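Here is the structure we will look at.
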Amino acid sequence: MTADIATQAQQETVTFTVNGKTMQGRRGDSLLKVLLHEGYDIPHLCYHEAVTAYGSCRLCLVEVKKGRKTKVTTSCNYPLMDGIEVTTNSEKIRKHRKVVFELLLAQVPNSPELQSMAAQYGVTDTRFEKKYQDCILCGLCERVCREVVGVNALGFMGRGVEKDVGAPFKQPSKTCIGCGACVYVCPVNCIKEEQLPTKRTIVRWERNLPMQTCKRCGYPFAPTYQLLQMQKQTGLPWEFFELCPDCRDVKD
Amino acid sequence: MIEPFNVYAARLLPSQELFAQGHRACQGCGPALALRYLLKALGPETIVANATGCMEIISSSWPETAWGVPWIHVAFENAAAVASGVEAGSKALRRKGRIPDKKPTVVAIAGDGGTFDIGLQALSGALERGHDFIYLCYDNEAYMNTGIQRSSGTPFGAATTTSPAGSKSFGQKTWKKDLAAIGVAHHIPYVATASIAYPFDFVEKVKKAAAVEGPALIHVFAPCPTGWRTPSNLTVRLARLAVQTGMFPLYEVENGKYHMSVDLPFLKPLDDYLKPQGRYRHLTKDVIAVLKKGIDQRYNEILEKCEANHE
């Protein structure tokens, strides 16, 4: 039995090299995830370990040599495999990254987050025509809404230069529960949230969410739509959600 | 500003555990939670100088350690001094080219005793010299590690072993020292109070503190079930109630400008917070009235400062 587990673990463990240093990891893991955990400084905007990799920002480029073939690829959606040789900081990679930063800066020139990140790699201006958008279309908000929250309020629409992300038909969202996960993950902070004691607004999706007030202490504690979603997922009676978590088991 | 989040977003914090599980903290330990969030926010490029206290004891019992980052245990009084040394040393080595030119985040961690009482002069010195580091004070409101002695972080009315409640005494007779105000008085770029009940708020504040040039002071409120004589499942609830009753307002001060982190519609009744705690069990109505008055006054002072800044 123990021998079985040992061989299984051996099968899953792969050996690879990063900048000449030999390392071990689990087969199929995201290469970027492994590199970040090992402390390599690799810029990335569209990657988050809680959701599937998408590879849209193109910043996490690395050189991977597999067999006799070397290619430049995004590391976030590259699965770890045996015997690959990874180079994270060659001249070629730095050059590619600079171009990617310039392209991103052309799309979103006024984001302080992107500017400071680009400045670290020596890019302060772009030679391309500036589009003055505020979103880099990384799709993190959409993936988080679908995979982590499970609500599917957002999606991509259009193609090419007209591609956009948002609620269906660019109308005010009807299904957003106001959990704020998209606000939190947005790498360029273009999704804003306004919180008043009794109302929460997700500005970009034009969603107004009234806050549920606790029946016992009178404190607004979560958007009502969010509690409805929780009720749907857990199947608990609505009375359970009328009390805030602090009052649920208090006996008066 | 990101508001206190719901359970959905919890998975969005990094999964890497740099403050590993299996340490010796009590059930429901607040400070251990604070350290976990701290290292999730800072990541592996961090060096920690840890003063004597609960968190040093529980995380480093020989031959094991809970720390996934370089960590140094120092005496009670000099966490800030050692952190300044680490910061200056790393700067010098980087300038000489002995180590790669990559700036680590240096964090000094101490409890309320190690900050409010014993480590105050080292802290003041480090803030004044302007080292680029974070000072994190986890405040469980007494010297819990040595047996619940009072510190100057202990709030008015709380019973500890050296401020006992009885027929001649109602517990602690002095008010909690205002650490954030001491930090602000040094004119450092970033001072914040945080609470383990608002993890995303705390994580954002730590990230901000790491990003600023110069010293940053974070005062994080972390309940101690053992010392407070409470059930261990109430840790997070008490931390939240401390904020909602006005006992521990959450705010940040960036370059002297106050900003309230959590807008409260109204203050919850103080009894909600005091009732579950054994250390407040002896309080009579008139002592609670004095406590309430003092808390309201302090809360309103901070509120005024925040509003003055908005106008």
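The values are calculated or read from the model by the stated rules, or taken from the named source; none is laboratory data. Just so it is clear, the model here is predicted, and its values are computed rather than measured. So basically every Cβ, Gly included, is an ideal-geometry build from the backbone, and we count neighbours across all protein chains shown.
Selection over segment A:126-145 of residues that are farther than 17 Å from A:SER173 by Cβ, surrounded by fewer than 21 Cβ atoms within 10 Å (Cβ to Cβ) and not aliphatic (A, V, I, L, M) gives a count of 9. Taking the condition closer than 25 Å to A:PRO112 by Cα and away from chain B (no Cβ under 12 Å), does A:PHE156 pass? Spelling it out, A:PHE156 is indeed closer than 25 Å to A:PRO112 by Cα and away from chain B (no Cβ under 12 Å).
Can you spot a residue in segment A:122-144 that is facing chain B (nearest Cβ under 10 Å) and over 27 Å from A:LYS98 (Cβ atoms)? Yes: segment A:122-144 contains one or more residues that are facing chain B (nearest Cβ under 10 Å) and over 27 Å from A:LYS98 (Cβ atoms).
Quick one: is B:VAL262 within 14 Å of chain A (Cβ to nearest Cβ) and crowded, with 18+ Cβ neighbours inside 10 Å? So B:VAL262 passes the test. For segment B:210-237, a residue qualifies if it is under 15 Å from B:TYR138 (Cα atoms) and out of contact with any helix residue (DSSP H, G or I) (no Cβ under 7 Å at 6 or more places or on another chain), and the qualifying residues are B:GLY227, B:VAL236.
Residues are listed down the side, and each one gets a yes or a no for (1) touching a strand residue (DSSP E or B) at 6+ places or on another chain (Cβ under 7 Å); (2) not aliphatic (A, V, I, L, M):
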site: B:PRO14; (1), (2): no, yes
site: B:CYS26; (1), (2): no, yes
site: B:GLY30; (1), (2): no, yes
site: B:LEU39; (1), (2): yes, no
site: B:ILE47; (1), (2): yes, no
site: B:GLU56; (1), (2): yes, yes
site: B:ALA66; (1), (2): yes, no
site: B:PRO70; (1), (2): yes, yes
site: B:VAL74; (1), (2): yes, no
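Taken together, A:GLN226, A:GLN195, A:GLN212 contain a single residue that is touching a helix residue (DSSP H, G or I) at 6+ places or on another chain (Cβ under 6 Å) and within 21 Å of B:PHE200 (Cβ to Cβ), which is A:GLN212. You will find that of A:GLU193, A:GLU147, the residue that is within 12 Å of chain B (Cβ to nearest Cβ), closer than 24 Å to A:CYS60 by Cβ and not β-branched (Val, Ile, Thr) is A:GLU147 and no other.
Restricting B:ALA142, B:ALA122, B:ALA159 to those that are farther than 18 Å from B:ILE196 by Cβ, in contact with a Gly (Cβ under 7 Å, 6 or more places away or on another chain) and touching a residue at least 24 places away in the same chain (Cβ under 8 Å) reduces the list to B:ALA159.
Flag set for A:VAL34, criterion: within 14 Å of chain B (Cβ to nearest Cβ), touching a strand residue (DSSP E or B) at 6+ places or on another chain (Cβ under 8 Å), outside any loop (DSSP other than H, G, I, E, B) and surrounded by 17 or more Cβ atoms within 10 Å (Cβ to Cβ).
Filtering segment A:111-170 to residues that are hydrophobic (A, V, I, L, M, F, W, C), part of a helix (DSSP H, G or I) and farther than 23 Å from A:GLU206 by Cβ leaves A:LEU114, A:MET117, A:ALA118, A:ALA119, A:VAL161.
Please go through segment A:209-243 and give me each residue that is without any contact (Cβ under 8 Å) to a residue 24 or more places away in the chain and more than 10 Å from chain B (Cβ to nearest Cβ), ordered by number. Matches in segment A:209-243: A:PRO210, A:THR224, A:GLN231, A:LYS232, A:THR234, A:GLY235, A:LEU236, A:PRO237, A:TRP238, A:GLU239, A:PHE240. Residues that are touching a strand residue (DSSP E or B) at 6+ places or on another chain (Cβ under 7 Å) and assigned to a helix (DSSP H, G or I) do occur in segment A:5-20. The residues of segment B:213-234 that are within 13 Å of chain A (Cβ to nearest Cβ) and either among the hydrophobic types (A, V, I, L, M, F, W, C) or crowded, with 24+ Cβ neighbours inside 10 Å (or both) amount to a single one, B:LEU234. Could you tell me whether A:VAL148 is under 21 Å from the mean Cα position of the chain (by Cα), crowded, with 19+ Cβ neighbours inside 10 Å, modelled with pLDDT under 90 and outside the structural domain of A:THR52 (by TED's automatic domain parsing)? Yes: the conditions hold for A:VAL148. Any residue in segment A:178-188 that is within 12 Å of chain B (Cβ to nearest Cβ), at pLDDT 90 or above, touching a helix residue (DSSP H, G or I) at 6+ places or on another chain (Cβ under 8 Å) and part of a loop (DSSP other than H, G, I, E, B)? Checked segment A:178-188: at least one residue is within 12 Å of chain B (Cβ to nearest Cβ), at pLDDT 90 or above, touching a helix residue (DSSP H, G or I) at 6+ places or on another chain (Cβ under 8 Å) and part of a loop (DSSP other than H, G, I, E, B).
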